[in-house]
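These notes are about the structure you will find just below.
The values are calculated or read from the model by the stated rules, or taken from the named source; none is laboratory data. From a predicted model like this one, the values you see are computed outputs, not experimental measurements. Please note: Cβ atoms are built from the backbone with ideal geometry, for glycine as well, and neighbour counts cover all protein chains shown. Just so you know, the surface numbers come from the protein's heavy atoms only, side chains and all, with ligands and any DNA or RNA stripped out. Shrake-Rupley method; radii C 1.70, N 1.55, O 1.52, S 1.80 Å.
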Amino acid sequence: MDAADIVASVLVVGIIVVSLLSNVVVLICFLYNPEIRKQVPGLFILNLTFCNLLLSVSNMPLTLVGLITTGHPGGSGFCQIVGFLDTFLTTNSMLSMAALSIDRWVAVVFPLSYHSRIRHRDAVIALGYTWIHSLCFSTVATCRSWVGYHHLYASCTLCNVRAKGAGTQFLIFTVALHSLTFLLTLIVLCVTYLKVLKVARFHCKRIDVITMQTLVLLVDIHPSVRQKCLDEQKRRRQRATRKISTFIGTFVVCFTPYVLTRIVELLSPGPISPHWGVLSKCLAYSKAASDPFVYSLLRHQYRKTCSLLANKILKRSPLNSTVCVQRMISNRP
């Protein structure tokens, strides 16, 4: 192992630990809080969490073994099963993100008719499509023996070496796979979240107008209070942009290098650095570690559930913990 392999191995270990812990916490919150289970987005988050957990215990450890041993981890049949899971879970997680963005778009753009437009039955149908879509591509690749150990990514995945006899077919399959998963999801994310941002900015402008009219009427208001109101206006405008940028940005940063490397690998006759291949694969893996924070754990409902669970484990009530914090603040010099 050279220095780059050691760094990559440490990176994979960190991704595995963070992904397992964060996704398990999301799963515990889902099982503990009945309000989260009642919500339609909870089904999409549960499916995304399932994919991330399975990816963390199946594909990531084998990539780590491949980096340490610099060789084929396990037999050919076992690697084909893992390669099937790699295609299935990655495709399923991408489509789950697209479903979450559509749900958020309907909730923001059509708030009064959201519950009639998006029901649990609709969510189950959408999840059924994501599973069928993912199973079709992963099954075709496995039946055609196009999955195996790929040294460029140090993982069991789609392998163009195993598909040398079907060059054009494998090229069409790979382009179709990434077009109908990565590109489709990216388009859906951009369209839906940019519409959500447009509505959010419109509401922010309405609130800003009301706030400025109130500040004009309150002549005797203290300058510090006025400044706080203005600062809150600025934070409100930035909050929506920051959230939308996080949703789209994490998807682009994590998946784009891997997908582009896949396409370049098929079209370019020149060799690609294995260090870059492993790095692009690690970036794709890192999406499983960031999803719990992007879609769940940073939301108020999940943070509140985590706080209740922590208080229950520590055998203290939320009221007592709040009183302790207030006493600590009051005793500060």
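The stretch between Leu194 and Ile68, if pulled fully straight at 0.36 nm per residue, gains 41.1 nm over its current Cα-Cα span.
Asn52 sits among other residues whose Cβ lies under 14 Å from its own Cβ, and their net charge, with Lys and Arg +1 and Asp and Glu -1, is -1. Positive contributions from Lys and Arg (+1) and negative ones from Asp and Glu (-1), summed over other residues with Cβ under 14 Å from the Cβ of Ser280, come out at +1. With a simple spin-label model that places each label point 7 Å from the Cα along the Cα-to-Cβ direction, the separation between Trp131 and Ser307 comes to 3.6 nm. For Arg119, the accessible surface of its heavy atoms amounts to roughly 110 Å² (probe 1.4 Å, protein chains only, rounded to the nearest 10). Roll a 1.4 Å probe over the protein heavy atoms and report the accessible area of Ile28 in Å², nearest 10. Approximately 80 Å² of Ile28 is accessible to the 1.4 Å probe.
Between Val10 and Leu112, take the C-beta separation as r, use R0 = 56 Å, and let me know the FRET efficiency to the nearest 0.05. Once rounded, the FRET efficiency stands at 0.65.
Computed from the Cβ-Cβ distance with R0 of 30 Å, the FRET efficiency linking Leu183 to Cys143 stands at 0.80. Expressed as a whole percent, the accessible area of the stretch 37-119 that falls on carbon and sulfur atoms is 70 (1.4 Å probe). Of the solvent-accessible surface of the stretch 268-309, computed with a 1.4 Å probe and all protein chains present, 71% belongs to carbon and sulfur. Rolling a 1.4 Å probe over the protein heavy atoms leaves Tyr114 with an accessible area of roughly 30 Å².
The ellipsoid that matches the Cα gyration tensor of the stretch 67-110 has semi-axes, each √(5λ) in whole angstrom, of 38, 11, 4, with the longest given first.
Rolling a 1.4 Å probe over the heavy atoms of the protein chains gives the stretch 56-158 an accessible area of 42 Å² per residue.
Computed extension gain for His120 through Thr246, at 0.36 nm per residue and net of the alpha carbon distance, reaches 42.7 nm.
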